[in-house]
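Quick notes on the structure that follows.
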Amino acid sequence: MKVLQIIDSLEAGGAERMAVNIANVLAKEGHDSHLCVTRKEGLLQQAIAPEVAYLFLNKKGKIGWRATFKLRSYIQKHQIEVIHAHSTSAYIAVLAFLFLKNKPKLIWHDHYGKANELVYRPFTLLKIISVFFDQIISVNKRLKAWAEKELKCKKVLYLENFALSAPTVPLLSPLGGTIGKRMVCLANLREQKDHLNLLQAFERLAPEYDEWTLHLCGQDFEDAYSKEIQHQIQKPALASRVFLLGSRPDVTAILNTCDIGVLSSNSEGLPVALLEYGLNKLPVIATDVGACKEVIANNGIVVSAENPQLLAAALEELMSNHKLRDRYAAQFQEHVLQHYGSELYVEKLMKIYNK
């Protein structure tokens, strides 16, 4: 099957990782797999498999007519059968779709990260173009219910994200801190990821955990939120124990060098980072937002969002108990491989494509 994934950028975010992962796994399964990036290339470009055909539109402005017609021509030339548009790439996908004589199937994949704040989601234009969607894929049940209520496409399916082993890149530089006492938070520096909650929790820990370090791995947008994070980690209790790693190509090596994986978000879809923790055998702590509780099940610790006291207690529970960390790590890895593996995902996805 000839399938085109469309995503707006290749920065290291969850939706971007999923678009690349789907394109890669479809190519591995023998499909004619294509990936189109509309606006901005980035770190994930080096993760694209050689078998995946690649198109960069370099879209400018809100509409981007030149990019639209370039996309239309590409779809025609390669006789694409399924357009799989992720997140906001739906707008250019629909524009190109309207100018096609032989129209492929059009699928929209909703990765909206603020699933706990859907009441504030702007969707007027999305509602208008949703009439052209053959199928909507939602990454959690709340997004599915929202799409069924608010959008015009009536075929809405909840499909969990999946985990895929990233190419092994050696650790680019040694991590600070003590071996066996490192904690990692894999999340871009966005407000919904609520790093401030995690920093407050980490600061609350008793003095006997001073050897533990926290490593924040994710893109820094150098905005007001970033400045607030940098201000907080200058506190005496945190200054030598918290490290900002930025966006890194050696994520797998970083995860393999750490001992606990944390997500402290106040809103989520279904975080790919959580699956990557499991794939790399890390015990996890996450807040009860989006699909986090569903993904972790009984194989880690889930606490209420925006509650640094509860988060600190959960951190202390894992840091103080090596056997518990090992048990959760093994259980969660097995759980992720069994329920969020690529083979099961492709099987479900092909059923959608073939409908």
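Remarks
- Loop-located GluC sites (Glu not before Pro) across the range 31-105 with a Cβ neighbour count of 13 or fewer within 10 Å are GLU41, with loop assigned by DSSP.
- Centroid-to-centroid, using Cα positions, the range 48-116 and the range 187-216 are 38 Å apart.
- With DNA, RNA and ligands ignored, accessible area of ASP8 (1.4 Å probe; Å², nearest 10): 30
- Comparing mean-square fluctuations of ASN161, ASN298, ASN197 from a GNM of the chain with C-alpha springs under 10 Å, the top value falls on ASN298.
- Carbon and sulfur %, accessible surface of the chain computed with the full protein complex present, 1.4 Å: 50
- Using θ = phi - 60° in the Karplus curve 6.51 cos²θ - 1.76 cosθ + 1.60, the 3J(HN,Hα) couplings for the range 229-237 round to 4, 5, 5, 5, 7, 7, 4, x, 6 Hz; x is entered for Gly and Pro.
- Here's how it looks for PHE243: its modeled amide H is under 5 Å from those of LEU214, HIS215, LEU216, which are all 5 or more places away or on a different chain.
- Extension gain, GLU160 back to TRP65 (0.36 nm per residue minus Cα-Cα distance, nm): 30.9 nm
- Calculated FRET efficiency for the pair ALA237/ILE179, C-beta based, R₀ 25 Å, to 0.05: 0.70
- Among the chymotrypsin sites (Phe, Trp or Tyr not before Pro) in the range 45-144, those placed in a DSSP loop whose Cβ has at most 14 other Cβ atoms within 10 Å are PHE99, PHE123.
- Across the range 147-159, computed HN-Hα scalar couplings (Karplus, 6.51 cos²θ - 1.76 cosθ + 1.60, θ = phi - 60°) run 5, 4, 7, 9, 9, 8, 6, 9, 9, 10, 10, 8, 10 Hz from first to last residue, x flagging Gly and Pro.
- Peptides 317-329, 17-29 ordered by packing proxy, namely the average of other Cβ atoms within 10 Å per residue, highest first: 17-29, 317-329.
- The range 113-231 - percent relative contact order, Cα under 8 Å, separation 6 or more: 22
- In sequence order, calculated HN-Hα J values of the range 336-345 (Karplus, 6.51, -1.76, 1.60; Hz; x Gly/Pro): 5, 5, 6, 9, 10, x, 6, 5, 5, 5
- Expressed in units of 2.2 N^0.38 Å, where N is the residue count, the Cα radius of gyration of the chain is 1.00.
- Low-density loop cleavage sites - GluC sites (Glu not before Pro) in the range 131-191, where at most 10 other Cβ are within 10 Å (DSSP): none
- For LYS152, the residues whose amide H sits under 5 Å from its own are SER130, VAL131, ignoring neighbours fewer than 5 places away on the same chain, with H placed 1.01 Å from N.
- Per residue, the chain reaches -11500 deg cm²/dmol at 222 nm when only DSSP H runs of four or more residues are counted, each adding -39500 (n - 2.57).
- FRET E, pair LYS149, GLU347, Förster distance 22 Å, beta-carbon r, rounded to 0.05: 0.15
- Three principal axis extents describe the C-alpha atoms of the range 229-313; from largest down they are 36, 31, 21 Å.
- Annotation: peptides 235-241, 252-258, ranked by per-residue average of other Cβ atoms within 10 Å with the highest first, follow the order 252-258, 235-241.
- Residues GLN45 and PHE123, FRET efficiency given R0 of 41 Å [Cβ-Cβ distance, rounded to 0.05]: 0.85
- In the frame of its principal axes, the range 116-168 has Cα extents of 42, 26, 18 Å, reported largest first.
- Cα centre as origin, Lys/Arg/Asp/Glu Cβ charges: the chain dipole, Debye: 1700
- Spin-label model distance (nm) - LYS28 vs ASP210, 7 Å beyond Cα toward Cβ: 4.6
The values are calculated or read from the model by the stated rules, or taken from the named source; none is laboratory data. What you see is a predicted model, and the numbers here were worked out from it, not measured in a lab. In this analysis, Cβ positions are derived from the backbone assuming ideal geometry, glycine residues included, and neighbour counts consider all displayed protein chains. For accessibility, only protein heavy atoms count, side chains too; no ligands or nucleic acids. Shrake-Rupley method; radii C 1.70, N 1.55, O 1.52, S 1.80 Å.
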